[in-house]
Structures are given as C-alpha cells and as structure tokens.
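Novice: Below is a structure I'd like to ask you about.
The values are calculated or read from the model by the stated rules, or taken from the named source; none is laboratory data. Worth saying up front: this structure is predicted, and the values here are computed from it rather than measured. Every residue, glycine among them, receives a Cβ derived from its backbone with ideal geometry; neighbour counts consider all protein chains shown. The area values use the complete protein model at the heavy-atom level, side chains included, leaving out ligands, DNA and RNA. Shrake-Rupley method; radii C 1.70, N 1.55, O 1.52, S 1.80 Å.
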Amino acid sequence: MIGDTVLHRAGTRRIVAAGLLVAVMLSAPPAPQSAFADPLNDRKLSLDAQIADLREILNGASEELVEAAVLVKRTQTQLVEAGQTRDNTQLLLRTAQRQDADLASRLAVAQAQEGKAARELATVQTAQLTIRNQVGHLARHTYIGETFSGLAVVLQTESPEEFTGRMAAAEAVFRARSKMIDRLSVQQVDLRNRRARLGAARAQVVDLKHQATAVVVKRQTAQQAATRAEQRVARLLSQRKTAQAVIQADVAAERKRVNALAAEQSKLQRMLMERARAAEAAQRRQDRRKRDAKNRRSGRDARSDGNKEENAGGVIRPSGAMSWPARGPITSPFGRRFHPILKIWRLHSGIDLGLPCGTPVRAASDGRVISAGSAGGYGLRVVVDHGRMNGGNFVTDYNHLSRIVVRKGAVRKGQLIAYSGTTGLSTGCHLHFDTLIDGAYTNPLLWL
C-alpha cells in the first residue's frame, strides 16, 4: 500500500546507493524500435500501463472512486486524440468550403463568358446573314436585271459619254460585290473562332459543374465528420466532468483512507526505531564490557562477540540474501507516486506481488515474528525481525493476508508463515511486501 515515510539515516544511505544503481541502469541506451512499430498500439499500451499504475495507487479506495479516476485518465488521453481529430476535420471543412467558394466564383465567370460568347456569335451570325442577303440582292440585280457585261455596255450605249458612265457604274458594282464577299469570308473565319470559343466555354462550365458537385459532396462529408468530432469532444468533456464530480465527492474519504495507512505505517516505524535504538544501546554496553574485559580470547573479534550476545538474546541473524516470500508478478514497484486525487507525492513503501488469494507466503529469511494480527488498512500482517544487517536492524513485513500461520517465535527462511489475501484497504488479492532497516523503508529488490 501507499504511505508517507521519513527515512532514517542508515536507511537513507542504502536508498541513495540504490538510487545510483538505478540511475546507471536507466542511463543505458534504449532498445532499438521495430521498423514496424504501431504508434496507435504504442499509445494504447502506454495508456493501459498508466491505468494499471493508477489502480495500484488507489488500491483500497472505493470502486466508484477508482473507476471515476480511471475514466478521467482515459478521457484525458482520448480528449487529446479527439481534439486533434476535430482540428483536422475542421481544417478539411475549411479547405472544402474555400474550394466550394472558389469553384462557385469560377463557374459564375465561366457562365458569364459562355453567355457573352453566345451573344457575340449570334451578332456575327446576324451580320453574316445580312451580308449574304446583300450579296444575293446585288447578284440578282446584276445578272437578272441591269446587266453590266462588257457586250451589253457596248451595245446599249449611244455615245462615248454614256459608255464611260456605264463602265464606271459597272466597276463600282463589282468593287462593292468584291468587298461584300471579302467581308463575308472574314466573318466566316470569325464565326468559326467564336463557335470554338463558345464550345470551350460550355465545356469549361460543364467541367466546373462536375467539380462543384464533387466539392459539395466533399464539403458535406467534412461537415459531418467535423460535427461528429465536435460531438465526441463534448461527450468526453461531459464524461470527465461527471467523473470529476464523483472524485470530488470522495476526496474526504480518500484522504481519510490514506491518512489511516500513513498512521499505521508510522506506528510500525516508531516500534522498529525503538527496537533499533535498544539494539544500539545494547551494542554500546557490549563494547564497553569488551574494553573492560581483561581476558580476551584469541581468534575472536568484536563481530563474533556481538553475534554471540545477539544470539544469546534470542535474535536470529539473517542467513544471507532474502528469498522471495511468494512467486508472482510485481504489479506495483517500490517508489514515490503522485496521488492523482489528493495531488500529493507518497511513497509506495514496498512491492506488490500479484497472487491469488490463499497463496502460501514464506519467511524471506531466518528471523523472529515480533508482530502478527490486524494492522488497520494493511489488513492481516506479519512482521519478522531478522536481526542486524549492514549496520542496521533488518525487518520484513507481509500485508493483506487472508490467514496467519505463525504468530510468534522463531522462523526459518522459506518457512510457511501465512496465506495471501485482500484484507484491509485492498481491492484485489495480492501481497504487499516491505523491507525496513532501523524503521526506514528500503526497496525489497535490493535484498532479493
């Protein structure tokens, strides 16, 4: 479980050393990532890990509080993704709207150009028809009515002056007809060009209409996506607000729970510190007796004498490295954690092992049971004193037990002392295992 602690001087030195070791381990280069890494799956795994940590931090809190905190954590991550999706869809919508407006403007220009080209074509066609009529009229008058052939001019004249006049008139008619034919030819070329421009304008209008139809569909799709994204953001915000209201309603109960754990933890620490001070005083008395002793036995140093006195006092020394109290995954490691509800840093004083209820729990080393029974939020607990180790008094405790087997007396390394459970402020079967030196919590992994 979680609890505040003030580390004793001796324990501090060991934790600092452990911290340096961890820092060296953390400074190693990260493992290379796979070329086929899935960012979405990585984010999911990261969120799952954060939620698992959150459940461990809140282990023992009410189910409503835990689920509300998990929902807040989940919605916080989902809100980031939903916000990005909303921004992207809004960007697509704005782009589609700009394309829609641009195509509408281009279509209006193209339709105006089509209308202008159609009107100009009609004007040219009318002018061409007029010239054709004029040429036809002149031709009829020339060849049917008043002929201006060379022979007619000679035969029908009565004087040189009349001949000259007729010749001049004939030349004027021919010139006028030639000009009309030239104008007609130019207009025919212009007519073809204008028909081509009109055809191009009409094709452009048709193309722009097709584009406009596609952009309208695109804009409508973007609008629907943006609306859905906005609704999802609003829904997530509402869920988070509801969960936060549940959390606020349970803050007092959570503070009470955490304070109860801290009080039980402090109680254990005070007892162990008193034992450590008593052991230190006994060691000083022993040292004085050694200095005053006149008959020293060869081959025995101060440490051997100390062991003899400790054993005489009924304290069993550790038999080397600790063994695991039970085999199971570490579901929550040792270390400081930020409480997401109370907004404070707290120490997770040991390690949690994920075990089914009823799993055998064994002594980590030789020692003597100094406490066994109910320990408030820690449920059923066994505390084992293993004697002095590395200059301090070494103790282990086993929490949230379902049943205690050994309640007092000496125990040996690997001896069955209890069964795992979920008593006290716990929401699932597990074993919370602590290691302490002179009442200061240390990382159990340093001794296992």
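Novice: Sorted by packing (mean other beta-carbon atoms within 10 Å per residue), highest first, where do 76-86, 412-422 land?
Specialist: Those peptides, ordered most packed to least, come out 412-422, 76-86.
Novice: Which FRET efficiency value, to the nearest 0.05, do you get for R284 and L416 by plugging their Cβ-Cβ distance into 1/(1 + (r/R0)^6) with R0 = 30 Å?
Specialist: With R0 = 30 Å, the Cβ-Cβ based efficiency is 0.20.
Novice: Let me ask something else about it. Distance from the Cα centre of region 200-230 to that of region 382-445, in angstrom?
Specialist: 71
Novice: Right, something else. Through the Karplus equation 6.51 cos²θ - 1.76 cosθ + 1.60, θ set to phi - 60°, convert the phi angles of region 414-420 into ³J(HN,Hα) values in whole Hz; use x for Gly and Pro.
Specialist: x, 6, 5, 10, 5, 10, 5
Novice: While we're on this one: With a 1.4 Å probe and all protein chains kept in place, how much accessible area does K241 have, in Å² rounded to the nearest 10?
Specialist: Rounded to the nearest 10, that gives 150 Å².
Novice: Beta carbons within 10 angstrom, averaged per residue: use that to sort the peptides 129-137, 385-393, 204-212, highest first.
Specialist: Highest to lowest by the protection proxy: 385-393, 204-212, 129-137.
Novice: Compute, for R197, the solvent-accessible surface of its heavy atoms (probe 1.4 Å) with the complete set of protein chains present, and express it in square angstrom to the nearest 10.
Specialist: 120
Novice: From Cα coordinates alone, what are the radius of gyration and Dmax values for region 311-448 in angstrom?
Specialist: 14.4, 50
Novice: When ranked by the protection proxy of mean other Cβ atoms within 10 Å per residue, highest first, what sequence do the peptides 225-232, 426-433 form?
Specialist: Packing proxy ranking, top to bottom: 426-433, 225-232.
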